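The values are calculated or read from the model by the stated rules, or taken from the named source; none is laboratory data. This is a predicted model, so every value here is computed, not measured. Using ideal geometry, Cβ is built from the backbone for each residue, glycine included, and neighbour counts are taken over all protein chains shown.
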Amino acid sequence: MISAELPPLDAPHIEYSLLAPLFIIAGVAVLGVVVEAVWPRASRFTAQAILAVVGVIAALVDTVWVYQNLDKIDDPKLARGLIGAEGALSIDGPGVYTWGILLVFALMSMLLFAERRLEGGLSAFTGRAADAPGSAGEAEAISKRIEHSEVFPLALFSLVGMMLFASSNDLLTMFVALEVLSLPLYLLCGIARRRRLLSQEAALKYFLLGAFSSVFFLYGIALTYGFAGSFRLSDIDVAVSTRTGGTNMLLAAIALMVVGLLFKIGAVPFHTWTPDVYQGAPTPVTAFMAAGTKAAAFLAMLRVLFVAFGGSSWDWRPTIIGIAVITMFLGAVVSISQTDVKRMLAYSSIAHAGFLLVGLVGVYGGVAGEERITSVSSILFYLAVYGVASIGAFAVVTLVRDSGGETTHLSRWAGLGKTSPLLAGAFALFMLSFAGIPLTGGFIGKWSVFTAAWSGGVWPLVVIGVLVSALAAYFYVRVIVLMFFTDPVGDGPTVAVPSALTTVVIAFAVVATVGLGILPGPLLDLAQHAGAFVR
């Protein structure tokens with residue numbers, strides 16, 4: 001018998017302390033699955049809600065610690081952070097900043113998930129998804145007060161995917177993160193308590209189109225590997241800079257990967273899922289998805305285009321400019337004709353994707369500590385102000401109701417300012433922020449992305465963006481006029497009395513929107529201090 005001694009294998013080095021926020025959320029999500037199996041049904045929903053909120057807060061506190069400790073890492077390229085998890089993840093300023101805003105969005109969304117007063121002591125999610133709408137089984141689930149408490153671990157698994165997606169340093173990790181992000185959302189979109197068929201249709205559309213876009217993204221990864229011989233972003237950058245492979249393969253790889261990413265941010269022409277899914281999904285899920293998915297997808301797109309394909313910017317930049325113009329224009333114009341509040345907010349999110357793309361084609365990089373707005377810092381700030389206002393707006397939507405639940409037709413919102421002036425005032429503030437009116441966070445956000453684009457030499461795109469912003473202001477102001485200067489139809493809109501959970505979400509969104517408009521310095525400095533991506 002011939003025996004050969006195998007060489008020892010080196011154990012992988014994992015930066016557990018710096019990756020702790022990811023492990024906390026993943027651990028809480030797994031613990032939520034265990035709770036779902038063993039906890040008594042009567043108090044399971046409350047236990048899941050408390051577990052999710054505590055887990056997100058713990059991860060947020062740890063994220064602050066990680067961000068502060070990035071200053072202790074010296075990098076020869078003047079970027080704050082390091083490549084961790086055996087090259088799979090980038091622990092850098094933009095990534096950790098994004099973890100922070102994603103966790104804030106998740107905390108606000110978990111409070112909306114936990115709201116039970118609006119449905120007579122039940123949540124916004126159906127009791128048993130397998131029961132047909134209007135069936136005896138569904139009536140039995142309602143009578144026994146059965147709830148889908150697993151929505152909390154599902155949302156946390158999606159949150160883990162978002163955080164991984166924003167920090168991936170190789171394309172395989174990025175694809176896995178994309179699937180972890182998306183699959184729970186497909187399920188969450190289809191379990192609304194009210195308008196079940198519309199909710200199930202939204203989930204099916206999201207699943208089919210999302211799977212289709214994932215195939216494009218995966219095919220782009222395969223072509224990128226064929227071109228560069230590596231999945232790691234820095235290795236791809238070297239191959240692109242030296243053009244070691246065929247140019248046609250490179251262009252095809254960039255195009256296919258960008259298609260998958262544009263779908264996730266809801267940019268034209270890959271936006272068609274957005275209005276249907278936003279309208280049909282349970283509104284707390286819509287809020288979580290609108291803020292979190294866009295933030296994670298934009299950070300992933302920044303990494304792919306700046307870190308991996310930065311040497312080929314002259315190839316992809318003109319296309320992104322064209323898509324930005326079309327996305328801004330279509331989102332603004334089509335919003336004018338919408339009669340449903342959630343569909344209007346969906347097309348508004350499409351327009352905002354266009355504004356974010358304006359910042360993407362601006363100036364990138366800069367020396368750490370240099371006081372100027374770059375593409376990365378402008379997009380980081382914009383994502384924060386847009387996400388907070390978006391969740392606040394959808395929280396208001398959950399409160400305007402009739403006998404059938406949420407009433408999202410704009411005609412039913414007439415006179416809301418007379419029925420509930422505080423609630424209408426909060427929604428008006430979010431509309432003004434979306435429009436980019438001064439003294440709101442949205443104004444500073446648009447100013448930052450336009451500044452980055454102007455510095456990058458694409459001033460015609462800035463002029464178009466300003467004109468589209470003026471056009472978009474029309475439908476935002478139209479809603480304000482409808483609420484405050486239009487007589488109510490019939491008895492007028494009915495406003496439900498929320499618990500402290502939804503009240504806290506709306507109040508925080510109002511304070512943040514006004515605060516970031518009046519005193520944007522701290523968050524803007526934080527975005528600038530995040531620095532460039534590590535390579």
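For residues that are in a helix (DSSP H, G or I) and in contact with a strand residue (DSSP E or B) (Cβ under 8 Å, 6 or more places away or on another chain), scanning just region 413-460, find the one that is surrounded by the fewest Cβ atoms within 10 Å (Cβ to Cβ). Steps first, answer last, please.
Keep residues of region 413-460 that are in a helix (DSSP H, G or I), which gives 413, 416-419, 421-435, 441-455, 459-460.
Imposing the further condition that a residue be in contact with a strand residue (DSSP E or B) (Cβ under 8 Å, 6 or more places away or on another chain) reduces the set to 413, 416, 419, 423.
Working: Trp413: 25, Leu416: 27, Thr419: 18, Leu423: 21.
Here the answer is Thr419.
Would you confirm whether any residue within region 11-26 is modelled with pLDDT of 90 or more, crowded, with 16+ Cβ neighbours inside 10 Å, among the aromatic types (Phe, Trp, Tyr) and within 24 Å of the chain's Cα centre (by Cα)?
No.
Would you pick out the residues in region 300-320 that are more than 23 Å from Ala177 (Cβ to Cβ) and either surrounded by 19 or more Cβ atoms within 10 Å (Cβ to Cβ) or touching an Asp or Glu at 6+ places or on another chain (Cβ under 7 Å) (or both)?
Residues of region 300-320 that are more than 23 Å from Ala177 (Cβ to Cβ), as a first pass: 311-315, 317-319.
Within region 300-320, Gly311, Ser312 qualify.
Could you list, in sequence order, the residues of region 86-124 that are among the hydroxyl-bearing types (Ser, Thr, Tyr), more than 14 Å from Arg303 (Cβ to Cβ) and part of a helix (DSSP H, G or I)?
Going residue by residue through region 86-124, those that are among the hydroxyl-bearing types (Ser, Thr, Tyr) are 90, 97-98, 109, 123.
Now drop any that are not more than 14 Å from Arg303 (Cβ to Cβ), which leaves 109, 123.
Ser109 - this is the single residue of region 86-124 that is among the hydroxyl-bearing types (Ser, Thr, Tyr), more than 14 Å from Arg303 (Cβ to Cβ) and part of a helix (DSSP H, G or I).
Of (1) over 21 Å from Gly441 (Cβ atoms); (2) buried (at least 20 other Cβ atoms within 10 Å of the Cβ); (3) at pLDDT 90 or above, Leu330 satisfies all except one. Which?
Result: Leu330 passes all but (2).
Does region 77-84 contain any residue that is surrounded by fewer than 20 Cβ atoms within 10 Å (Cβ to Cβ), at pLDDT below 95 and in contact with a strand residue (DSSP E or B) (Cβ under 7 Å, 6 or more places away or on another chain)? If you could, list the steps in order and put the result at the bottom.
The first filter runs over region 77-84 and keeps only residues surrounded by fewer than 20 Cβ atoms within 10 Å (Cβ to Cβ), leaving 77-78, 82.
Then keep just the ones that are at pLDDT below 95; that gives 77-78, 82.
Among the residues that remain, those that are also in contact with a strand residue (DSSP E or B) (Cβ under 7 Å, 6 or more places away or on another chain) are: 82.
Scanning region 77-84 turns up at least one residue that is surrounded by fewer than 20 Cβ atoms within 10 Å (Cβ to Cβ), at pLDDT below 95 and in contact with a strand residue (DSSP E or B) (Cβ under 7 Å, 6 or more places away or on another chain).
Of all residues in region 232-261, count the ones that are surrounded by fewer than 24 Cβ atoms within 10 Å (Cβ to Cβ) and within 25 Å of the chain's Cα centre (by Cα).
Adding up the residues that qualify gives 6.
Quick check on region 171-187. Is at least one of its residues modelled with pLDDT under 90 and of a type outside the set (A, V, I, L, M, F, W, C)? Lay out the reasoning, then the answer.
Going residue by residue through region 171-187, those that are modelled with pLDDT under 90 are none.
Checking region 171-187: not a single residue is modelled with pLDDT under 90 and of a type outside the set (A, V, I, L, M, F, W, C).
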